[in-house]
Amino acid sequence: MAIPKHLQLEFVTPERAIVHDHVDEVELPGEEGDFGVLPGHAPLLAALRTGEMWYRKGSETRRAFIAGGFVEVVPDRVSILAPVAERAEDIDVARAEAAKRRAEERLAKASVVDFDAERARIALLRAITRLQISRQGRPPRG
Ligand code: ATP
């Protein structure tokens with residue numbers, strides 16, 4: 001079978017479509033580490049962790065925040081279902097900074113093995129990841 005030229009990227013959450021496009025390359029934060037997908041990739045089903053995903057269309061690269069979920073890869077399609085995700089340009093920086101502050105305050109008060117401390121650590125990871133992606137997703141300042 002001929003190698004497909006592009007990948008159909010379908011990236012959704014239960015709330016909305018994040019990306020629906022023909023792309024050339026996709027990079028994902030897998031549970032077992034980051035991995036890239038090019039057209040013609042072998043079929044694959046993988047769990048995702050909280051992190052950054054990006055995809056390239058021609059010379060343009062776009063980024064998004066992804067909080068877990070699953071991906072199904074076939075040679076000409078990448079289908080991502082994530083419980084929560086945002087395109088880099090849709091990340092509300094003030095909201096992520098407030099979430100980061102709240103999580104840091106909760107962590108400062110919590111004991112090390114506390115259940116709330118674990119939740120705060122997850123919230124902190126989400127906030128820091130959103131802030132990093134948002135910074136990288138913007139054109140550099142001249
Ligand atoms: P917060 O404490 O600010 O609500 P959170 O990490 O608890 O943050 P989530 O449960 O991850 O929030 O997301 C709830 C909804 O709000 C999702 O639709 C998510 O896309 C959106 N969301 C959360 N934080 C942001 C943000 N900083 N910018 C844009 N959308 C966000």
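The values are calculated or read from the model by the stated rules, or taken from the named source; none is laboratory data. None of the values given here were measured: they were computed from a predicted structure. For neighbour counting, all protein chains shown are included, and Cβ atoms are generated from backbone atoms with ideal geometry for every residue, glycine included.
On the given criteria, is E25 within 12 Å of the chain's Cα centre (by Cα), surrounded by 16 or more Cβ atoms within 10 Å (Cβ to Cβ) and of a type in the set (D, E, K, R)?
Working: within 12 Å of the chain's Cα centre (by Cα): no; surrounded by 16 or more Cβ atoms within 10 Å (Cβ to Cβ): yes; of a type in the set (D, E, K, R): yes.
No.
Residues being of a type in the set (S, T, N, Q) and under 23 Å from L125 (Cα atoms): count how many of those fall in the range 5-61.
We begin by selecting, within the range 5-61, every residue of a type in the set (S, T, N, Q); these are 8, 13, 50, 59, 61.
Narrowing the set further to residues that are under 23 Å from L125 (Cα atoms) leaves 13, 50.
Matching residues across the range 5-61 total 2.
What residue, among those in the range 50-82 that are of a type in the set (A, V, I, L, M, F, W, C) and within 16 Å of the ligand (Cβ to nearest atom), is farthest from I3 (Cα to Cα)? I'd like the intermediate steps shown before the answer.
Step one: list which residues in the range 50-82 are of a type in the set (A, V, I, L, M, F, W, C), which gives 53-54, 64-67, 70-71, 73-74, 78, 80-82.
Keeping just the survivors that are within 16 Å of the ligand (Cβ to nearest atom) gives 53, 64-67, 80-82.
On the way: M53: 24, A64: 27, F65: 29, I66: 28, A67: 31, I80: 21, L81: 25, A82: 28 Å.
Restricting to residues being of a type in the set (A, V, I, L, M, F, W, C) and within 16 Å of the ligand (Cβ to nearest atom), the top hit is A67.
Pick from A85, A47: which is within 10 Å of the ligand (Cβ to nearest atom) and either modelled with pLDDT under 95 or within 20 Å of V12 (Cβ to Cβ) (or both)?
Working: A47 fails: within 10 Å of the ligand (Cβ to nearest atom).
Exactly one of A85, A47 is within 10 Å of the ligand (Cβ to nearest atom) and either modelled with pLDDT under 95 or within 20 Å of V12 (Cβ to Cβ) (or both), namely A85.
Those residues that are surrounded by 13 or more Cβ atoms within 10 Å (Cβ to Cβ) and either in contact (Cβ under 8 Å) with a residue 60 or more places away in the chain or over 24 Å from E31 (Cα atoms) (or both), I need them from the range 100-113; list them, please.
Initially, the range 100-113 is screened for residues surrounded by 13 or more Cβ atoms within 10 Å (Cβ to Cβ), giving 100, 102-104, 106-107, 110.
Correct list: R102, E104, R106, L107, A110.
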